[in-house]
1. Which one of B:R36, B:R61, B:R70 is more than 9 Å from chain A (Cβ to nearest Cβ) and surrounded by fewer than 20 Cβ atoms within 10 Å (Cβ to Cβ)?
2. I'm trying to understand the selection: among the residues of the stretch A:12-39, which are among the charged types (D, E, K, R) and over 17 Å from B:T169 (Cβ atoms)?
3. Check off (1) at pLDDT below 70; (2) more than 10 Å from chain B (Cβ to nearest Cβ) for A:P52 and give me the number that stays unchecked.
4. Consider A:F81 carefully, then state whether it is in a helix (DSSP H, G or I), of a type in the set (F, W, Y) and at pLDDT 85 or above.
5. Can you confirm whether B:L126 is more than 19 Å from the chain's Cα centre (by Cα) and at pLDDT below 90?
Amino acid sequence: MTQKRGNELDRELDLMFQAARDQAQPPSDRLMQAILRDAADAMPARAVSVRPAAASGWFRGALNGIGGWQSIAALAVSACFGIWIGYAAPEAADLFDGSFSLTGDVLSVDNTFYSDIDDLLTEG
Amino acid sequence: MAFDALQDIGDDALMVLYSNGDLAAARSLAFRHTPRLVAQANRLLRDPAEAEDVAQEAMLRLWKIAPDWRQGEAKVSTWLYRVVANLCTDRLRRRRGTGLDSIAEPEDDAPSVEAAMLSDDRTRALYTALDELPERQRIAVTLRHIDELPNPEIAEVMGLSVEAVESLTARGKRNLAAILGGRKQELGLE
């Protein structure tokens with residue numbers, strides 16, 4: 001009984017939906033002209049290429065995995081900086097070999113200080 | 001390119017052609033989609049002039065997005081349905097904020113009432129009943145049963161899950177049946 005009532009209801013509503021579909025009015029000529037005028041006005045000035053849906057592939061996946069192009073750029077800058085340190089200003093290392101001194105009269109550091117400590121350590 | 005030659009070309013390809021300066025492609029897209037957009041907007045707004053404004057606005061948005069259109073991501077038809085649904089929703093909300101006097105009377109009555117066909121009465125009754133439904137039920141029922149879109153496409157248009165769409169359309173149909181129940185004899189349904 002309930003099933004029969006449900007089917008009848010569906011049939012009645014379907015008739016009404018069909019009537020609504022049949023009554024759709026076509027767009028006016030004025031509208032179509034306006035739309036085509038808009039299309040002409042909005043047309044891009046430059047030619048565009050096909051844009052595929054979001055690119056996927058092993059290379060992009062690997063790139064994204066390490067942080068994208070920004071990470072690659074940071075890595076390149078770091079590498080260049082490291083090479084520069086390797087080649088430039090070796091005298092900076094003099095600070096630690098005991099031969100460097102600051103304004104002789106006030107403070108001096110020389111090899112004797114280090115050799116004294118060495119003596120203490122070795123002679124117990 | 002000749003308009004006739006574009007009849008069998010897909011929407012995505014037409015978007016590329018238009019973006020590269022082919023107005024015939026725009027013409028093909030316009031004739032392919034505008035009738036459905038006008039019908040959809042008219043069903044939701046019940047105002048033919050406003051429905052044409054909405055359709056024009058939706059197509060204008062399509063022209064503007066054409067250079068950035070991503071092939072294969074969204075269907076042009078679904079995208080347009082969504083734009084029209086949003087534009088209509090905005091207009092309906094603005095209407096609710098205005099007085100009843102400023103709302104256009106529905107097109108009917110007047111001289112041709114006696115000559116109106118039964119389907120006219122059914123359609124009017126259906127639209128009156130649809131107007132009584134909550135907004136999302138009305139949109140879902142209209143897209144499913146009048147525009148005949150499949151549920152997954154409606155889900156995309158409305159930004160809902162397919163299950164939510166099924167629930168909305170089922171409740172909408174039940175509510176419609178309840179509203180129309182008292183008018184069956186008058187509408188020739190008994």
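1. Numbers: B:R36 fails: more than 9 Å from chain A (Cβ to nearest Cβ); B:R70 fails: more than 9 Å from chain A (Cβ to nearest Cβ).
Residue meeting the stated conditions: B:R61.
2. Pass one, the stretch A:12-39, residues among the charged types (D, E, K, R): A:12, A:14, A:21-22, A:29-30, A:37-38.
Correct list: A:D22, A:D29, A:R30, A:R37, A:D38.
3. A:P52 satisfies all of (1) at pLDDT below 70; (2) more than 10 Å from chain B (Cβ to nearest Cβ) except (2).
4. Numbers: in a helix (DSSP H, G or I): yes; of a type in the set (F, W, Y): yes; at pLDDT 85 or above: no.
Answer is no for this residue.
5. Values: more than 19 Å from the chain's Cα centre (by Cα): no; at pLDDT below 90: yes.
No; evaluated as a whole, the condition is false for this residue.
The values are calculated or read from the model by the stated rules, or taken from the named source; none is laboratory data. These numbers come from a predicted model, not from an experiment. Counting neighbours? That spans all protein chains shown, and the Cβs are built from the backbone with ideal geometry, glycine included.
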